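The values are calculated or read from the model by the stated rules, or taken from the named source; none is laboratory data. Note that the structure is predicted; figures quoted are calculated from it, not measured. Here the Cβ positions follow ideal geometry from the backbone for every residue, glycine too, while neighbour counts run over all protein chains shown. When the accessible area is computed, the model is the full protein with side chains, heavy atoms only, and any ligands, DNA or RNA have been set aside. Shrake-Rupley method; radii C 1.70, N 1.55, O 1.52, S 1.80 Å.
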Amino acid sequence: MTAESTPESGIKGESATNGPRRRASRRARGRKPRSEHRRALILMAWTAVGIAVLGGTGAGYVYFRLNGNIRSVDIDQALGTARPPKADNGSENILVLGSDTRSGRNRKLGGGADDGSARSDTAMVVHVHKGHRKADVVSIPRDTLIDRPECTDTKGVTHDAASGVMFNSAYSTGGAACAVKTVESLTGIRMDHYLEVDFAGFEKLIDELGGVRVTTTKDIADPDSHLRLKAGTHTLDGAQALGLVRTRHGVGDGSDLGRIQLQQAFVKALVDRVAELGVFTSPKKLYDLADTATSALTADSDLGSVERLMSFAGGMKGISSRNMHMVTLPVRYDPANPNRVIVEKAKAQQVWDALKNDGTIPASATTGSATGEAGGVVS
């Protein structure tokens, strides 16, 4: 099944809805939006890794339990040597992806048939600068039209190249390996690591963290995501956090690009919350958090153990929300189909060049690109 035909559904009893997504417009408010819990998936990645580093410090049982939670995929074996070269400037690039397999716990939240397939609608390229004191995060909209390269998945099956398809079709076609190859083809940058998070543990994780504090500058009211927030400061529980990162019509112009802006703001709040907790004083709380986080995580084989995650996460603990620069891939709406976006190639190249050189993304790279008009609503 291609991403374009993927059934969507709501949470807490909502039924699945189909049909084309509307562009960011108020005219679309009368239509029931596609429920997109998996949009929340990316927000667990920083927390999952950060908690995993703490989880390995316990007794042998804890280590092996957490180690057994982590799923891994051999990206290097699937992609071979025809890839961009590794950076030699001390930086690292990680593709963080969200998936919504329709089996197990995700069946209840995601809805739809348990057909054994998985989709991904959320992707971020995380560039960790030399010294691991700051990071750039580039969100790639799911509806971006791209040329998908031929790719071989981790089962050895080769999938043909395709032109003018949605970005998220890469994962639904060939899984993690195809998603990584597509991003490397799009950016010209080698992905040193791959992290994938499913959304089943998202709500539980936020609750175990004791909620995440955000400030909203406008009222948010979206019955489709079951979220109502007055302007002001709130400590969101898991259900509210899930509602915030999936809301589209509740704020801004109703677009997926606007939803990305909300997600990016929430990521920063989530990072602050984890930093706020510091080294947890309760062993049980520590274990519960680590168990939830690692259960939701799939990593490339190089990170597929608690020990490797410990080392990786240990090098990232110094990155605070103030040192995270978050942007969206420069795009414009497709004049032939307002439900799709097209890469602004010259501007996008400025972004990728900056990451390749471990430099600063210039403001000119994102100025004038399509946005969802939800910037600044959440901080």
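Across the options 305, 235, 263, the greatest Cα extent toward the positive end of the charge dipole of the stretch 191-327 (unit charges at beta carbon of Lys, Arg, Asp, Glu) belongs to 235.
Rounded to the nearest 0.05, what FRET efficiency do residue 276 and residue 64 give with R0 = 35 Å and r taken as the Cβ-Cβ distance? Could you check? Provide the component values of the computation, followed by the final result.
Values: r = 30 Å, r/R0 = 0.84.
Here the calculated transfer efficiency is 0.75.
Backbone phi angles across the stretch 326-337, fed through the Karplus curve with coefficients 6.51, -1.76 and 1.60 (θ = phi - 60°), yield HN-Hα couplings of 10, 9, 10, 3, x, 9, 9, 5, 6, x, 7, 7 Hz in residue order; Gly and Pro are listed as x. Karplus-based coupling profile of the stretch 255-268, in residue order and whole Hz: 9, 5, 5, x, 4, 4, 4, 5, 4, 5, 5, 5, 4, 5, with θ = phi - 60° in 6.51 cos²θ - 1.76 cosθ + 1.60 and x standing for Gly or Pro.
Residue separation of residue 230 and residue 89 scaled by 0.36 nm, minus their Cα-Cα distance, works out to 46.2 nm of gained length.
The H on the amide N of residue 154, modeled in the peptide plane, is under 5 Å from the matching H of 177, each at least 5 residues off or on a different chain.
So what is the relative contact order for the stretch 216-344, in percent, with contacts set as C-alpha pairs under 8 Å and at least six apart? Show your work: numbers first, answer last.
Details: 93 pairs, mean separation 18.1, N = 129.
Over the stretch 216-344, the number comes to 14 percent.
Across the stretch 218-231, rounded Karplus estimates of 3J(HN,Hα) from the backbone phi angles (6.51 cos²θ - 1.76 cosθ + 1.60, θ = phi - 60°) give 9, 5, 10, 9, 9, x, 6, 9, 6, 10, 9, 10, 7, 4 Hz, Gly and Pro being marked x.
Its Cα gyration tensor gives the stretch 109-260 an equivalent ellipsoid; the semi-axes, largest first and in whole Å, are 31, 19, 16.
Taking every lysine pair in the stretch 205-299 that is 8 or more places apart or spans two chains, those with Cα atoms closer than 25 Å amount to 4.
Determine the order of 181, 155 by accessible area, beginning with the largest, at a probe radius of 1.4 Å. Walk me through the numbers before you get to the answer.
Details: 181 65, 155 180 Å².
Descending accessible area places them as 155, 181.
Here the spin labels are modelled as points 7 Å beyond Cα on the Cα-Cβ line, and at residue 74 and residue 379 they lie 5.0 nm apart. For residue 334, the amide hydrogen comes within under 5 Å of the amide hydrogens of 340, 341, 342, counting only partners 5 or more places away or on other chains and with H modelled in the peptide plane. On the beta carbon distance between residue 237 and residue 81, with R0 = 51 Å, the FRET formula returns roughly 0.60.
Exceeding 18 Å between C-alpha atoms, which entries from my cross-link table qualify? They are 130/356; 86/155; 134/356. Intermediate results must be reported in sequence, preceding the final value.
Numbers: 130/356 12 Å; 86/155 24 Å; 134/356 15 Å.
Result: 86/155 exceed 18 Å.
Around the amide H of residue 72, modelled in the peptide plane, lie the amide H atoms of 299, all under 5 Å away and 5 or more residues distant in sequence or on another chain. A straight line joining the Cα centroids of the stretch 124-155 and the stretch 286-365 runs 6 Å. For residue 320, project a label point 7 Å along Cα to C-beta. Then give me every residue of the stretch 195-235 with its amide nitrogen under 18 Å of that point. It comes to 213-215, nothing else. Within 12 Å, Cβ to Cβ, of residue 150, how many net charges do the neighbouring residues add up to if Lys/Arg are +1 and Asp/Glu are -1? After counting each charged neighbour, the total is -1.
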